[in-house]
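A quick write-up on the structure given underneath.
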Amino acid sequence: MRKVLTAALLFSASLALALSGEEVMQKVDAHPSPSSMQGTMVMQLIGKQGKVLTREIQVWSKKADGEERMLIKFVAPADVKGTAFLTIKKDGKEEMKLYLPALKRVRRIAGSQKKGSFMGSDFSYDDISNLSGMKIEDYTHELLRTENQGGVEVYVVESTPKPGVDSSYSKQIVWVPADTFVPTRIEFYKKGKLYKVLTNREVKPFADGKYLIPTLLEMENVQSGHKTVLEQKDLQLDVPIDDAVFTERFMKKR
Amino acid sequence: MAIRHPWRVIGLFLVLSAAFGAGLRGLELDNSPESLVPPDLPAKLLLDQARETFGGGEMELAALEGEVWTPEALERLRAATDAVAAVEGVQRVTSLANAKRMEEDDGFLLVEDLLPETLGEADVADIRAYVEGHPLYAGRLVSADGRYAAVIVEVDPAADMKRLNREIGAALGATWDGPVHLAGTPALSGYILDTMARDIPRQLLLAIGIIGLVFFVNFRSQRGVLLPLLTVLVALVWALGLGGWLGFKLGMISSILPVVVLAVGSSFTLHVLNRFYHELAAGASRRESVLLATRETGLGVLVSALAAGAGLAALFTSSIPQIKSFGLLAAFGVLAAFLASSLLVPSILVLLKNPRRIMDPERPDAISRAMRGLGGWLLGARKGVLVAALLFLGAMLVFIPRIQAETSFLSYFPKAAAPRQATELVDRVFGGSDNVILIVDGELKDPALLGAIYRFEQKVQAYPEVGSAASIADVIRELHKALTGAYGLPDSREGVAQEILLYQMSGDPEDLAQFMDEAATTAQVTVQVRSLPSGAMQDLVDRIQADAEAIIGPHASAVNTTGSTVLMLETMRLILHDQYVSLGLALVLVAFFNAWLLRSWIVGLVSIVPLVLTVSGQFGLMGLFGIPLDTATALIGAIAIGVGDYSVHIIVRYLEELRKGRSSAEAARASVYVSGRAVFFTALAIGGGFMALLFSGFAPIQTFAKLMGFTVSATALFALTALPAALLVYVQKDRKQEVVQDA
């Protein structure tokens, strides 16, 4: 009898605690994001047959005055060292510049890159910019179920783009643990078919726990069998970054 | 056994037939290139590896007919491309609708989809101008006159080609409003499978009809028609059922299996029944007649069944999977027909009442009189006949080296067949429906290697048989133009690496994967070629290989050629080589069985005289009339040996007469007179059965049927002339008093 009571109590408690899909994603979105970031990314591109190629890039990003700026510079491999890529987003407009040291010229790039591959990896630009959270208002979120993973309750939410929203994916299924509200796994679907799977292998607290940042991520393209493991190293958050970093001069500097 | 326990025998056959028959459900049709190409062929391994590295598979080329340069048409092309991409088993789709555009535009490097999301008239004119200036697209994805758009579909080679072809056709038909022409392997395979599904039952019924008619003319009774047909039915169920159990699939070549089993198998019962009715007519009891038919004639049937089985089983040495399984199943079918005719038929004969009217099939009639005349003439002309046979052999040997091999898939089809016409259309408007693939291993970031690949492409594109060539070098040249305003290649390794990186960043890295592996150590150069007959194709492939060696070779660590065309050419070489092995083996086996069962080496050697003459006749005629040796006609030698050994009945009768103390002249006369009639009708039944293949939808099988017509008549002719002549000259008396009696 007592067991039944306990079970009933637990059940009603879980009902009381249960969140809707929208609420889960709001909690995910509520994480503060840093105003600037600086660090190194090591990307391992892993082919279907297991061949590994490593790329290392340095990243600077800054959000200020309604402007998002990001500079990427290749460190390795040697033959692309110094290649730089600058993105400035303002008022929904995107300006991109590319510097190829072999040509010694900065080129402006037109055309949308957001669905394109990020540095030749399995991440798209969209995926990278959504790492700090997708634009939740563009999607409808439905709680599919909850799972228990090692004692932690995990919400499984399906996010479908609202009509008229230009999304790379037809839907995403997001696994959100109730203790951190930092997604651990996202399945990306294209035309209803599973396309890619993102796994956050490691989430680290920064600034005394103010930020929770995934530092070891794996994106697998299920259709091609190719995957990318991305490690964020030497991360510094909310550090002042000189505006001179986001210029052509800095791009050309070795 | 059959006489004492007929019901047990019948029961046993029922059980076995049910067991084998259950396998029929597992029997499938398949004519994928996989079933024709030996799995361990080096070019095949290379192609598999290339497909693993660069993606892609068998190529289907769709030509969409209609004015391409309108906003509506491009929208439909986009819908068509999406629809095809959604088909299960499609790995990659390439068309104008998903092509990339990369250019210098007002100081910007523009990297975007060729087709913007919304299309107006002005956009179309702009796209057209861009495409016409870019060799990667012009003439490849759209015809020069703008009347045809290409959709290049790469499909999983292991997928069901028939379903794929149907679904791709349906997807295109639903989205494009003009005619759609489908060429390439899935289209051809789909057509082959449809044709097979239609031809097999039709040919089988026709063969049954013809053979039944021949049997009716011979026996003038229902039993004389039904019993042989029952035998072959058993044989067919066993052979095809075994195929199902073993997971074999019937392809274009093996689709002739039912007819082969039918034609060869029916002859066994013909001999058994002939003797049975003959004895019955001569006044013997039913049991005695059955006994004589199975014992005396049974020996001949056993020898010819073993020979036929050996000839067909020799095909098992072939390296071509489809020919291998055909050989095994056909040999098994022949064995089953033998068992049925020497066990099942006698059991039924024992149980059945005597027919009301008994007609001696060896009765004197026009045919018997002709045979009697022939026998008499032979006695005087034996030397002359042998000399004539030698002259024939010599003449034919002269023509054999002229035989040409042919493996072009296209040659299978009648000129009016849709996929053949589509292929010719694609050859005409897009410069080729086939391709030769070059795998280049080396340091691909080295501008010298890229330059060499580009020079190679220029060289081969000048050949009239080549449409276009595509490689990483073209992509980098295109990119370099967009970056710098001029076509060219970067002058340093770093420059190449950075431009490749830019390309990877600007789109789907998979776009590049079809040209080069991620580590930039292996590249795939695709040379688009027209469909050509094997000889011309071999010549072209040789030139391409030589150019690659000369131009790319010095800068690369390895250059290899592959592609489905190259596979078919290499397969052909194997077929030719296998041909001699299996023919030689089959002749040796037949001579051995005949010698062993008839207890004389001389007899064994003499017994293959008609076969040697027939086979050399076949190949001589092919050389003389320019009939190509292809996947179907390559079987002809081994099958000739399989079906042609009915001449053994002449030998068995000849020896039987000698044993009775007759002179060789009398024995020869008697054997030609008595067995000649059976040989004549067997030839008619077998030849008639093969004539059903004349109605095949495949040109090589029609040719095969015609050649079988020659083969069957020639074997009969040689069995009734050269064979008795040789017997008269070389076998004067039966060495052994006792011939093995037990069948």
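Where a number appears in this text, it was derived from the coordinates with a stated rule and is not lab data. This one's a predicted model, so the numbers in the text were calculated from it and none came from an experiment. A quick note on method: Cβ atoms are made from the backbone with ideal geometry, for glycine too, and the neighbour counts reach across all protein chains shown.
Brief remarks on what is shown
- Residue (of A:173, A:223, A:236) at the positive-pole extreme of segment A:171-254, dipole from beta-carbon charges: A:223
- The Rg/Rh ratio for chain B, using Cα coordinates for both the radius of gyration and the Kirkwood hydrodynamic radius, is 1.10.
- Stokes-Einstein D for segment B:141-267, Kirkwood Rh over Cα pairs, 20 °C, 1.002 mPa s (µm²/s): 120
- Value of Rg to Rh for the protein assembly as shown, rounded to two decimals, is 1.13; Kirkwood radius and Rg both from alpha-carbon coordinates.
- Per residue of chain A, the DSSP helices (runs of n ≥ 4 H) give a summed -39500 (n - 2.57) that works out to -4000 deg cm²/dmol at 222 nm.
- Expected-Rg normalisation [2.2 N^0.38 Å, Cα atoms] applied to segment B:178-242: 1.69
- Using distinct alpha-carbon pairs, which all enter the 1/r mean, Kirkwood radius of segment A:200-250 in Å: 13.6
- The Rg/Rh ratio of chain A, with both radii computed over alpha carbons and Rh defined as the Kirkwood radius, is 1.02.
- The mean number of partner chain beta-carbon atoms within 10 angstrom of a residue's beta-carbon across peptide B:489-501 is 5.
- For chain A, the longest principal axis of the C-alpha atoms and the axis of helix A:2-17 are separated by about 40°.
- Scattering curve values for segment B:556-704, log₁₀ I(q)/I(0), Debye with Cα scatterers, q = 0.10, 0.17, 0.18 Å⁻¹: -0.49, -1.06, -1.13
- Segment B:49-178 - charge dipole about Cα centre, Lys and Arg +1 at Cβ, Asp and Glu -1, debye rounded to 20: 580
- For the cross-link pairs A:48/B:445; B:162/B:459; A:210/A:253; A:81/A:191; A:89/A:193; A:62/A:252, the ones whose C-alpha atoms lie over 26 Å apart are B:162/B:459; A:210/A:253; A:81/A:191; A:89/A:193.
- The distance linking segment A:30-81 with segment B:376-440 is 63 Å (Cα centroid to Cα centroid, whole angstrom).
- Order of A:86, B:410 - criterion: other Cβ atoms within 10 Å of each residue's Cβ, fewest first: B:410, A:86
- Calculated mean residue ellipticity, 222 nm, chain B: -20500 deg cm²/dmol, from DSSP H runs (n ≥ 4) at -39500 (n - 2.57) each, averaged per residue and rounded to 500.
- Counting only the Cα atoms, segment B:429-533 fills a convex hull of 111 Å³ per residue.
- Percent breakdown of C-alpha pair distances by 10 Å bin, ordered from the shortest bin, for segment A:128-254: 11, 34, 33, 18, 4, 0
- Taking the square roots of 5 times each eigenvalue of the Cα gyration tensor of segment B:49-178, largest first, gives ellipsoid semi-axes of 26, 18, 12 Å.
- With the highest mean first, a sort of the peptides A:190-199, B:586-595 on other beta-carbon atoms found within 10 angstrom per residue produces B:586-595, A:190-199.
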